[in-house]
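Since the structure comes first, as structure tokens, the remarks are kept for the end.
The values are calculated or read from the model by the stated rules, or taken from the named source; none is laboratory data. Because the structure is predicted, anything quoted here is derived from the model rather than measured. Please note: Cβ atoms are built from the backbone with ideal geometry, for glycine as well, and neighbour counts cover all protein chains shown. Calculation scope for accessible area: heavy atoms of the full protein, side chains included, ligands and nucleic acids excluded. Shrake-Rupley method; radii C 1.70, N 1.55, O 1.52, S 1.80 Å.
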Amino acid sequence: MRKPLITFLILFGAVTMNACKKEEQKAPGNPVINIKTEFSSAYFGDSLQFTVGVSDEARIPLSTLKAHLYYSDELVSETVIRTKTEGDYTGKIYIPYYAHVPNGTATLKLVLQNINFTTREETLELPVERPDYPYLTLIAEDTEYRMERTGLYTYAAATTFPAKVNGYIKTPAYGDNGNELTFGWEEHTIKEGSINNIPFSNAFSGDYTIMFNTLNYEASPFIIAYAINQTVMDRVDDNMYRVDLALNREEQVVIDGFDDLDAWWFDPDFFTRDASGNLLFQAKSGNYRISADFNHEYFIVEALTGTSLSTLQADGSGAVWVIGEGIGKPSIATNAVGWTTEKALCMAPVADKIYQITVVAGTTVSTNNINFKFFHQKGWGGEFTNAALSTTSDLIFVGDGSNGRDPGNLGITEGQTLETGATYVFTLDLTGGNDNGVLTVEKK
């Protein structure tokens, strides 16, 4: 009898203790927060570190400590710390950096919860201000530029830039809790936290200033323009822009604003590149109109007298134009001239009263059939007939009306062809007078 009684007492004690434990766990408890960090102030962009002592007066196990940050009534940041045991816990909460938010006071709420979902909340006022950075860094694709502080929240980099600068902006870490912040391009505007390139653009390359404001995110410049030698081209229509310039022989020509300039064709009569890849003007010094033809991706160059297209003058100066069949730039396949006078090609004036046009057989000139001639203007009017034009070439002949070509029209000598891929230079020499033009054809 004694042994069963002892067993009963042991079981009764265990049940009683378990019941007490369950009752204790069902009790709401009383979480206690002991803030051990003095929150004096913070900066937008900070990762604010804090230490909090946590406990429960009823010895109920704890669950979590949450930190919530509010700008006005908007929750902007939070962090959660698991609190398995009583003691001190350290965490960080991010102070978000947004545009247009003024300096002010944020609200930091600390919420401690035990396993019975009983909570204790402490609320603190946290003064927050925008960092006044000493400088920013513009990180472009191949260069970094320092943006100096020019005023409160305003920064600028003034140096020699290309016409287009793609890059994002980075701040230094500011203060004891600061982070490096970035500003990039998102949905056609500048946004914090992005490293997508901001498409800064100027009308031309050279010395100009890139600016950024860290309060309102205003930035400049954003100029969509095409320019040559820092002169903005005028829009003719969606596919044609043009500019009139005074150009000197061997002068560098700087073209800005074109994303895919390497894909464009450059007329060898007017342009060449030096060893460094710079574009140099090749015709005689003078006034020219350069038109950017986006349909065919090439630059049309035409001689000017004042603001008008040049015409051939009585003394042999001015310009000579090519109209007819079997020739075209940048290729006969895509842009043959034909007898459309608006497509007339201006020969490059290479010296006084000497004009030149360079072609590549099979590309800019037909290999076996040409029928074009030289005109005094871009259109109908004065033209060179066989009475005013001669040649000693055994490859090209001048028509006389009875040899298969109209007077002055050029043809390929019977039995001859131009070598596919070879370059030919047609030079018209008028130093002997407009009525005594001499055509030479040289294979390069």
The chain, accessible surface, carbon-and-sulfur percent (1.4 angstrom probe) | 48
Amide H to amide H under 5 Å from Thr64: which residues, 5+ apart in sequence or cross-chain, H placed 1.01 Å off N in plane?
-> Thr83, Gln113
Before anything else, pin down the relative contact order of the stretch 22-90: Cα pairs under 8 Å, at least 6 apart, normalised by residue count, whole percent.
-> 32
Show that you can apply the helix-only estimate: for the chain, add -39,500 (n - 2.57) for every DSSP H stretch of four or more residues, divide by all residues, and state [θ] at 222 nm to the nearest 500.
-> -2000 deg cm²/dmol
Using alpha-carbon pairs under 8 Å, 6+ residues apart, how would you state the relative contact order of the chain in percent?
-> 8
What translational D, rounded to a whole number of µm²/s, comes out for the stretch 157-284 from Stokes-Einstein when the hydrodynamic radius is the Kirkwood one over Cα pairs, at 4 °C and 1.567 mPa s?
-> 76
Cα centroid separation - the stretch 183-205 against the stretch 261-292, whole Å | 31
Which number comes out as Rg/Rh for the stretch 61-129 once both Rg and the Kirkwood Rh are worked out on C-alpha atoms?
-> 1.04
Non-local amide H neighbours of Phe372 (under 5 Å, H modeled in plane, Pro and chain starts lacking H): which ones?
-> Glu325, Leu410
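Before anything else, pin down the relative contact order of the stretch 273-348: Cα pairs under 8 Å, at least 6 apart, normalised by residue count, whole percent.
22
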Determine which aspartates and glutamates satisfy two conditions relative to Lys109: a Cα distance under 16 Å, and not lying fewer than 8 residues away in the same chain.
-> Glu38, Asp73, Glu74, Glu78, Glu121, Glu122, Glu125
Net charge (Lys, Arg +1; Asp, Glu -1) of residues whose beta-carbon lies under 9 Å from that of Thr182, Thr182 excluded, is -1
Whole-number value, in Å³ per residue, for the convex hull of the alpha carbons of the stretch 213-369 is 149
Provide the solvent-accessible area of Tyr145, counting protein heavy atoms only and rolling a 1.4 Å probe, rounded to the nearest 10 Å².
-> 40
For the stretch 84-194, what's the radius of gyration and Dmax over Cα atoms, in angstrom?
-> 19.7, 66
What is the log10 of I(q)/I(0) for the stretch 227-307, computed with the Debye formula using one identical point scatterer on each Cα and no solvent, at q = 0.16, 0.27 Å⁻¹?
-> -0.56, -1.67
How big is the shadow of the Cα convex hull of the stretch 353-444, averaged over all directions, in nm²?
-> 5.8
Using the Cα atoms as the points, what is the convex hull volume per residue of the stretch 136-223 in Å³?
-> 90
Per residue, the convex hull enclosing the Cα atoms of the stretch 310-363 spans a volume in Å³ of 78
Label the chain by shape, choosing from rounded, prolate and oblate, from the square roots a ≥ b ≥ c of the eigenvalues of the Cα gyration tensor; if a/c is under 1.5 it is rounded, and otherwise prolate applies when a/b is larger than b/c, oblate when it is not.
-> prolate
accessible surface per residue for the chain, probe 1.4 Å, DNA/RNA/ligands not counted, whole Å² -> 50
